[in-house]
Amino acid sequence: MAPYRTPEYHPAFEEYCEAIYELNEDDVDVIQARIAERLEVSRPAVSEMIRKLEGEGLVAVDGRISLTGDGLRLAESVVRRHRLAERFLTDVLKLSWAEAHKEAGKWEHVISQNVEEAMDKLLGAPTTCPHGNPIPGADYTAPVSSPLGELEVGSAFVVNRIPEELEFAPGMLEFLESADILPGRAGVITATSPDGTTTVEVGGAHVGIGAFASARILVTT
Ligand SMILES: [Zn+2]
């Protein structure tokens, strides 16, 4: 993909387009309330910014909020830089997942095209971020996967993807990293409970994963 270069958009525009893109990716309804939660800003601030983005031709509002072609290209370039930066921060600099996610939120706005290309080359053109989320513009084909919480006791699985929604849940990445629930790790479902908690065995350790995360972590079987 030819990287999309915009005429220097305000970081806030990038932030909003990215949030809309990622909510969509996780099948969350894109309405102002969800954007406010994701970006931790007030509802009035969101509605003001959405009006500006509409004026710039980056979003369209029709009950729900969607990206226009230009908005999508801007979002893809920001998400690409975010996910490449995460890879660099974890694979090369050995930062923790949680730190990398936070730090990449700043890098995504300042990485130039040259740096982006150099990073991509150094990293061997990765197709996903360390959490398994596809890097826009990379040649990624998602495997057939299902939410961890839908598996039956005794099922073996391989962790495939920790969706962006979980990356934003406070403490979640720290928890998953310490429990070794990382893309590529193999495990077995050892118990399920009516409250939606799924207990898994990964690397000899048993860990209970709550309903919110179990419904979202994608695994292959
Ligand atoms: Zn990530």
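Residue pairs, Cβ under 8 Å, 6 or more apart or interchain, first in region 168-187 and assigned to a strand (DSSP E or B), second loosely packed, with under 15 Cβ neighbours inside 10 Å. List them. These pairs meet every condition: A186/A156; A186/V158; G187/A156; G187/V158; G187/G203. So which residues in region 168-181 are surrounded by 13 or more Cβ atoms within 10 Å (Cβ to Cβ), closer than 17 Å to D26 by Cβ and more than 12 Å from the ligand (Cβ to nearest atom)? Residue satisfying the conditions is A169 alone.
Looking at E48, E103 in this structure, which one is assigned to a helix (DSSP H, G or I) and under 22 Å from E165 (Cα atoms)? Walk me through it before giving the result.
Numbers: E48 fails: under 22 Å from E165 (Cα atoms).
Being assigned to a helix (DSSP H, G or I) and under 22 Å from E165 (Cα atoms) holds for just one of E48, E103, which is E103.
The condition (being touching a residue at least 40 places away in the same chain (Cβ under 8 Å), buried (at least 23 other Cβ atoms within 10 Å of the Cβ), in the same structural domain as E48 (by TED's automatic domain parsing) and part of a helix (DSSP H, G or I)) is satisfied by just one residue among E86, E76: E86. Quick check on my filter: what residues within region 125-167 are of a type in the set (V, I, T) and either surrounded by 19 or more Cβ atoms within 10 Å (Cβ to Cβ) or within 14 Å of the ligand (Cβ to nearest atom) (or both)? T127, T128, I135, V159, I162 - these are the residues of region 125-167 that are of a type in the set (V, I, T) and either surrounded by 19 or more Cβ atoms within 10 Å (Cβ to Cβ) or within 14 Å of the ligand (Cβ to nearest atom) (or both). Scanning region 206-221 for residues that are among the polar types (S, T, N, Q) and touching a Gly at 6+ places or on another chain (Cβ under 6 Å) returns a single hit, S214.
Scanning region 89-98 for residues that are surrounded by 16 or more Cβ atoms within 10 Å (Cβ to Cβ) and outside any loop (DSSP other than H, G, I, E, B) yields L89, T90, W97, A98. Among all residues of region 40-53, there is at least one that is in contact (Cβ under 8 Å) with a residue 12 or more places away in the chain and under 23 Å from K102 (Cα atoms).
Within region 24-80, being touching a strand residue (DSSP E or B) at 6+ places or on another chain (Cβ under 7 Å), more than 29 Å from A138 (Cβ to Cβ) and among the charged types (D, E, K, R) holds for one residue alone: E54. Does region 193-216 include one or more residues that are touching a Pro at 6+ places or on another chain (Cβ under 8 Å) and part of a loop (DSSP other than H, G, I, E, B)? Within region 193-216 (the criterion being touching a Pro at 6+ places or on another chain (Cβ under 8 Å) and part of a loop (DSSP other than H, G, I, E, B)), the answer is yes, since at least one residue qualifies. Taking into account only those residues within region 51-73 that are assigned to a helix (DSSP H, G or I) and in contact with a Leu (Cβ under 7 Å, 6 or more places away or on another chain), which is farthest from Y16 (Cα to Cα)? Among those residues, the one meeting the criterion is D70.
Close contacts from region 100-124, counting a first residue that is assigned by TED's automatic domain parsing to the domain that holds L89 and away from the ligand (no atom under 12 Å from the Cβ) and a second that is modelled with pLDDT under 95 and not in a helix (DSSP H, G or I), with Cβ to Cβ under 7 Å and a gap of 6+ residues or different chains, come to Q113/P3; Q113/R5; E116/P3. Within region 70-82, the set of residues being within 16 Å of the ligand (Cβ to nearest atom) and farther than 16 Å from Q113 by Cβ comprises A75 only.
The values are calculated or read from the model by the stated rules, or taken from the named source; none is laboratory data. The structure displayed is predicted, hence computed values, not measured ones. Reconstructed Cβ throughout: ideal geometry from the backbone, glycine too, with neighbour counts over all protein chains shown.
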